[in-house]
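Some notes on the structure that comes next.
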Amino acid sequence: MLGGMNDRTDRPSRPEHRRLAWRIPRAGSLANLRLVEEELPAPAPGEVQIDVAAVGLNFADIFACLGLYSATPAGSFVPGLEAAGTVRRVGDGVTRWRPGDRVIVLTRFGGYASALNVGEQYLWPLPETWSFEDGAAYPVQALTAWYGLVALGGARRGSVVLVQSAAGGVGLNALQVLRQLGAQPVAVVGRESKRDWLVREHGLDPACVVLRGPHFGAALDAALRHLDAAAFDLVFDAVYGPSFRPAFERLAPEGRHLLYGAADFMGEGRRANPLRLAWRWLRRPRLDPLAMISQNRGLLAFNLIWLWGEAARLPDALRETLALIPDPPHIGGAWPFADAHTALAALQSGDTTGKLVLQVDKSAVDSPRNGASGEGSAAAAR
């Protein structure tokens, strides 16, 4: 939910660079997402042009393509919030970066491209030992974990924290933050295989890995008893839906439920199902603010796109994030750039763990194939 690129209809359409991009003419269906060849203009003053090597995938990309994300651009757009690559050239006034620099890119849409222009303030050096895939997989989900748990949630040593979708990219970063802080996590997953994976590969206590399901509340109670805790200090939640209320009701006084997504609304199809959405909307969990006062519990919702608008805060935010999450992320799958639909279907399935990325093959970019159409234009380039 971050960005640094904007459609610029006022730029001269100098065909400085041809690129491949996954573009959707308007939100509504993933089936409309198409690979196109288009011109990328020279970077404007203060911008940097990047040859992209890898792209990070996020649930927000799917929500945007389906038209379910509040920040979805009107009309044609290129999805994608993060990438990594090499500086090709810089615009006037740019002094921090030079051609050849390896960088992590944060962008408000526009990431699904073989090259892009981005404001210089939305780039960070790629750590020397990291691959481009590591860099593309890091910023959105690591920043989400830090911002929610630390900046907003105030997690600290001894905090008992419930982490929804703990085997996903944000969830794994959240577990790492909590370990560094000395907090006590309870991980929630939707499949037995993910519970086994967290125990086997990440050393979690089996008693503190809980499955969502019909007995979710009882499972949470069992995990709390195992920790000798009366309630949760924080709930970190991107699911919402039926699991919301059992978690909220087990918050301690002064506890905070941090909501940063609603994956329960996504569904499995390539197009949003209006009837299903309406049904889930009508049945969505609701809270009584007066009851929250008497219980001394809080609900705090956030969207990371707001932090992108606070560009001056991003360097400190990333520095604090790297201090708590110093290791490259777990990458659960990588696909060729031309296979974006396959990668998004895997992400949407809920069967994957960690972060998914697209790998940009330079030879394919230099000789566009893979069914890419030439319908893009410099005015539409992001």
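Among the residues of region 199-206, is there at least one that is at positive phi, of a type outside the set (Val, Ile, Thr) and free of Cβ contacts under 8 Å to residues at least 12 places away in the same chain? Yes: region 199-206 contains one or more residues that are at positive phi, of a type outside the set (Val, Ile, Thr) and free of Cβ contacts under 8 Å to residues at least 12 places away in the same chain. Out of Arg157, Arg212, Arg191, one residue alone is surrounded by fewer than 24 Cβ atoms within 10 Å (Cβ to Cβ) and touching a Ser or Thr at 6+ places or on another chain (Cβ under 8 Å). It is Arg212. Taking the criterion of being free of Cβ contacts under 8 Å to residues at least 24 places away in the same chain and touching a Gly at 6+ places or on another chain (Cβ under 7 Å), the only residue of region 319-351 that qualifies is Ala346. When Arg270, Arg284 are checked against the criterion of being within 30 Å of Val118 (Cα to Cα), at pLDDT below 85, surrounded by fewer than 19 Cβ atoms within 10 Å (Cβ to Cβ) and in the same structural domain as Val235 (by TED's automatic domain parsing), Arg270 stands alone in meeting it. Taking (1) without any contact (Cβ under 8 Å) to a residue 40 or more places away in the chain; (2) under 24 Å from Trp306 (Cα atoms) in turn, Pro185 satisfies each apart from (2).
From the set of residues in region 336-355 that are under 14 Å from the mean Cα position of the chain (by Cα) and hydrophobic (A, V, I, L, M, F, W, C), which is nearest to Ala21 (Cα to Cα)? Across region 336-355, the extreme among qualifying residues is Leu344. Out of Ser114, Ser76, one residue alone is surrounded by fewer than 22 Cβ atoms within 10 Å (Cβ to Cβ) and touching a residue at least 60 places away in the same chain (Cβ under 8 Å). It is Ser76.
The values are calculated or read from the model by the stated rules, or taken from the named source; none is laboratory data. The shown structure was predicted, so the numbers you read here are calculated from the model rather than taken from an experiment. In this analysis, Cβ positions are derived from the backbone assuming ideal geometry, glycine residues included, and neighbour counts consider all displayed protein chains.
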